[in-house]
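The next block holds one structure in the form of structure tokens; read it before the comments.
Laboratory data are not the source of any read-out in this text; all were calculated from the coordinates shown. Just so it is clear, the structure is predicted and the values come from calculations on it, not from any experiment. Cβ placement follows ideal geometry from the backbone for every residue including glycine, while neighbour counts extend to all protein chains displayed.
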Amino acid sequence: MRSFLKPKTIAVIGASDDESKVGSALMQNLSNFKGKIIPINPNRKMVFGLKAYDNVLNYKGKIDLVVIAIPAKFVAGVLRECGKKNIKNVIVISAGFSEIGNSKAEEELIKIAKRYKINLLGPNCFGVFNPYNNLDTTFSMAKPRKGNMGFISQSGALWSYVADLGVGFSGFVSLGNMAGLGFNDWIEYFSKDKKTKKIVLYIEKIKHGKEFLQACKNSNKKIYVVKAGKSKEGSKAALSHTGSLATDYKIYKGMFEQARVILCDSFFQCFGKSVKKQRIKLSKDLALISNAGGALALINDYLSEKNYNIKKSLDLIGTAKSKDYEKALKKAKNQAIVILTPQSMTDVDEVAKVIIKSRKKPVCVFLGKKSVKKATSMLRKKGIKVFNSLEGFRKSLI
């Protein structure tokens, strides 16, 4: 477990210098890492000036951590190679598993991980972050400062938002579909971590309730949780996001009380931040467009509580670009709410330009601070309502 956040050697499977690939964003975000980076790509001899290898088996040294970012159909094969290499910690960024109904492929990963005793994080996850050794296996634009808060999230894209708020972190872990490691494993880790003073969780579904309760009760650190799936619509959004159909919210509320964790409506409450109220009037029928499944699930919850009708809830996923937003806006038949988190694959300013050109005047939720500043300014100059926090949007609803 220690090697996930404190590795000395990382292999990136799918490493690339093609900026359109996730493997390129990963290599860029790892450029300041204090350890060794090993690019794995059978079609390249060099990646970012580093020698590339066909597979992990061809690298003769020890590998502490592997990050996989390749199409889903190839993941099982390279996971087996990791097992044969005796690599014990693997992050699967790749999507295309239970979140789209491909449970068979995910079960295969679970079997391989069990056979070779691999600690598996993901699939369909956003990676990990540790500011104390410049470790960043995510494709977030923001680089938060060192702090004392551990963040464990079932949504990776939400990290792009909270990482941009100027808050300090001791570490971040994205769980994705939780085929292997889950909340209880990482609560135990951060509870023992000396740099962590409090733990924040974003939860869609808990797979191992008893273990979760025990991990929370054993922790001597305060634990805060934001839970998606309060409404039917929010639960549906979570299902399409990480394959997690949320159980009755009241059951979770009771579990959190038993676990002695602090349930919050938003991350601003977890971080002790406040926000000014702004009132907005929306149409009763709405279309939601987002590049962040977690934010989409939470906004579904907020709107459902106020009895809005969500006619369409579209997750463009984290690799979405301005052209994807443009297509979605053209198809939207109802008033649109455009949700964006600042991910390195998303051309934020161009998305703002697409919105301005559309003339549909949607309400925008551009989550973050520095990374969305220019885009926010462009939109506001054109009279388009923009919110930069989930809390601000929630409190604005009439």
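Miscellaneous remarks
- For the chain, a crude dipole built from +1 on the beta carbon of Lys and Arg and -1 on the beta carbon of Asp and Glu, taken about the Cα centre, is about 1000 debye to the nearest 20.
- Between helix 348-358 and the chain: long-axis angle, C-alpha atoms, 0 to 90°, nearest 10: 30 degrees
- Acute angle (nearest 10 degrees) that the helix 72-84 long axis makes with the longest principal axis of the chain, alpha-carbon atoms: 30 degrees
- Of all beta bridges that DSSP places with both ends in the stretch 2-125, some 10 percent have antiparallel geometry.
- In sequence order, the stretch 113-120 has phi-based couplings of 4, 5, 4, 9, 6, 9, 7, 9 Hz under the Karplus curve 6.51 cos²θ - 1.76 cosθ + 1.60, θ = phi - 60°, and Gly or Pro positions carry x.
- Proximity of backbone amide H atoms, modeled 1.01 Å from N, is registered between GLN335 and ALA287 at under 5 Å, excluding neighbours fewer than 5 places apart on the same chain.
- Between 0 and 90°, nearest 10: helix 209-218 axis offset from the chain longest Cα axis: 80 degrees
- Charged-residue dipole, Cβ positions (Lys, Arg, Asp, Glu), the stretch 36-141 about Cα centre, Debye nearest 20: 560 debye
- Of ILE223, SER24, ASN124, farthest towards positive along the dipole that unit charges on Lys, Arg, Asp, Glu beta carbons give the chain: ILE223
- Which labelled figure in (1) 25.3; (2) 27.0; (3) 21.2 is Kirkwood radius over Cα pairs in Å, once derived from the coordinates: (3)
- Each label was represented as a point 7 Å from its Cα along the Cα-to-Cβ direction; for SER274 and ARG2 these points are 4.4 nm apart.
- The helix-only estimate of mean residue ellipticity at 222 nm for the chain, built from DSSP H runs of length n ≥ 4 each weighted as -39500 (n - 2.57), is -10500 deg cm²/dmol after division by the residue total.
- Here the label points at ASP18 and ASN148, each 7 Å from Cα along the C-beta direction, are separated by 4.6 nm in the simple model.
- Selection from PHE183, LEU158, ILE93, by position along the positive dipole direction of the chain (Cβ): LEU158
- Based on alpha-carbon atoms, the Kirkwood radius and the radius of gyration of the stretch 285-396 give Rg/Rh equal to 0.92.
- Distance (nanometres) between label positions extended 7 Å along Cα→Cβ at GLN28 and PHE74: 2.1 nm
- Of all DSSP beta bridges in the chain, antiparallel share, percent nearest 5: 10 percent
- The peptide list 311-319, 224-232, put in order of mean Cβ contacts within 10 Å with the highest first, becomes 224-232, 311-319.
- Peptides ranked, highest mean first, by Cβ atoms within 10 Å: ranges 269-282, 351-364: 351-364, 269-282
- Panel values: the stretch 90-249, Kirkwood radius from alpha carbon pairs, Stokes-Einstein at 25 °C and 0.890 mPa s, translational diffusion coefficient 154 µm²/s.
- Net charge dipole, the stretch 285-396: roughly 620 debye, given to the nearest 20, about the Cα centre with Cβ charges of +1 for Lys and Arg and -1 for Asp and Glu.
- When the Cα positions of GLY294, THR319, PHE393 are compared along the charge dipole of the stretch 285-396, PHE393 comes out farthest toward the positive end, with charges on each C-beta of Lys, Arg, Asp and Glu.
- Likely footprinting exposure, LEU5, LEU298, fewest C-beta neighbours within 10 Å first: LEU5, LEU298
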